Amino acid sequence: MRQLSVIAPFCNVQDYAPETLACLHANAAPDTEFILVDDCSTDRTGELLERAARDLPGAVHVRHEHNGGLATARNTGLDRVRGRYVTFLDGDDWLAPGHYRRLLAVITELDCDFVRTDHVQCAARARTVHRVPHGRRGVVQDPRSAILPATHTTSVDYAYAWAGIYHRRLLDEGLLHFPDGLRTAEDRPWIWRLHREARTFAVVGLLGVFYRRGVANSLTQIGDVRQLDFLRAFDQVVEETAADRDAELLLPKAVRNFCAIIAHHLKNIERFEKPVARRLREMSADALRRMPPHVLTEVLDAMDADRSELLRRLHRRGVPAEVAVR
């Protein structure tokens, strides 16, 4: 068994893949494997990965014949891991040299199911440190205890899969796979499931992952229909949390998160194509009507007036005037 499996999906990132592959080379070790998943790239990304499969120690190259999205690409990697521990890296991000060695040392010492780390967000030349929103560091805890309070940003809101490392037993227990086919927000049901069902976790102040923001072909920059997958992702969060033994405590947090992201997209609706914007309003109104009414009322009463009124109007009439597409 390898000590570490790194799952790195790539799709049409020929401008960034060389830097990503170079950082993997700087983190190579005899007990580390790199599963490079080409999600049906149409640029030179595939050629770069074919070369890396020959030159990068421990590299395994897998190509999708059809584009499936990030969740599906990660699942392809998870189906092939041989390591005791698993981590992720997206094909347009990069790492500090020696990061994986330090990450392995941390989870080995703490001996827990998963460890979450801080990261650096990079936009053009700007660098910003983003920290896991959890106060206790270097201490093994129950992941369920880090979900609440509902009105604060907590560890389930820090959904980046690559900001951490995960014991293989979570994979064997069915906790590491992503909802297949989700094009965006795929990390959200995944992080909620980990916090509800894993037994132990820890947060450490280890910086080593550099997350590139503003990539032109990233779904965060594109206003097409794929963005609407966030609705399916949060529907799953709410549905699974409603079935949890602590549903009464946890549901307000799940519903609040869902409402917040709906409000965010409505406030930025001008970036969507017009047919997608109409679909966004319709699907968001339907989602609000599916939420437990007493929980939704409680959440909207506690939100700021601007977002609360926006969502109430959507809930009542479906198409609030202030977000109408011109």
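The values are calculated or read from the model by the stated rules, or taken from the named source; none is laboratory data. Everything numeric in this text was worked out from a predicted model, so none of it was measured. In this analysis, Cβ positions are derived from the backbone assuming ideal geometry, glycine residues included, and neighbour counts consider all displayed protein chains. The accessibility values were calculated without ligands, DNA or RNA, using every heavy atom of the protein model including side chains. Shrake-Rupley method; radii C 1.70, N 1.55, O 1.52, S 1.80 Å.
Being under 27 Å from residue 129 (Cα atoms), open to solvent by less than 40 Å² (accessible area, probe 1.4 Å), touching a Leu at 6+ places or on another chain (Cβ under 7 Å) and at pLDDT 95 or above, is that true of even one residue in the stretch 215-229? No, the stretch 215-229 has no match at all.
Screening residue 161 on (1) out of contact with any Phe, Trp or Tyr (no Cβ under 6 Å at 6 or more places or on another chain); (2) part of a loop (DSSP other than H, G, I, E, B); (3) at pLDDT 95 or above shows it passes everything except condition (1). The set of residues from the stretch 125-156 being touching a strand residue (DSSP E or B) at 6+ places or on another chain (Cβ under 8 Å) and open to solvent by less than 30 Å² (accessible area, probe 1.4 Å) comprises 132, 141, 143, 146, 155. Entry remark, the stretch 116-126: residues being in a strand (DSSP E or B) and at pLDDT below 95 number 2 in total.
Taking the stretch 240-258 as the region of interest, how many residues are over 11 Å from residue 192 (Cβ atoms), of a type outside the set (A, V, I, L, M, F, W, C), assigned to a helix (DSSP H, G or I) and open to solvent by 20 Å² or more (accessible area, probe 1.4 Å)? Counting residues in the stretch 240-258 that are over 11 Å from residue 192 (Cβ atoms), of a type outside the set (A, V, I, L, M, F, W, C), assigned to a helix (DSSP H, G or I) and open to solvent by 20 Å² or more (accessible area, probe 1.4 Å) gives 2.
Regarding residue 318, is this residue touching a strand residue (DSSP E or B) at 6+ places or on another chain (Cβ under 7 Å), at pLDDT below 95 and over 30 Å from residue 105 (Cβ atoms)? Here the answer is no, as residue 318 does not meet what is asked. Going residue by residue through the stretch 38-48, is there one that turns out to be hydrophobic (A, V, I, L, M, F, W, C), in contact with a strand residue (DSSP E or B) (Cβ under 7 Å, 6 or more places away or on another chain) and modelled with pLDDT of 95 or more? There is no residue in the stretch 38-48 that is hydrophobic (A, V, I, L, M, F, W, C), in contact with a strand residue (DSSP E or B) (Cβ under 7 Å, 6 or more places away or on another chain) and modelled with pLDDT of 95 or more. Name the single residue that is farthest from residue 26 (Cα to Cα) among those in the stretch 52-81 being of a type in the set (D, E, K, R) and surrounded by 15 or more Cβ atoms within 10 Å (Cβ to Cβ). Filtering the stretch 52-81 for residues that are of a type in the set (D, E, K, R) and surrounded by 15 or more Cβ atoms within 10 Å (Cβ to Cβ), the one farthest from residue 26 (Cα to Cα) comes out as 63. The set of residues in the stretch 130-161 that are out of contact with any His (no Cβ under 8 Å at 6 or more places or on another chain) and hydrophobic (A, V, I, L, M, F, W, C) comprises 132, 139, 140, 148, 150, 159, 161. Looking across the stretch 164-198 at every residue that is under 17 Å from residue 230 (Cβ atoms) and basic (Lys, Arg), the one that is modelled with the lowest pLDDT is identified as 183.
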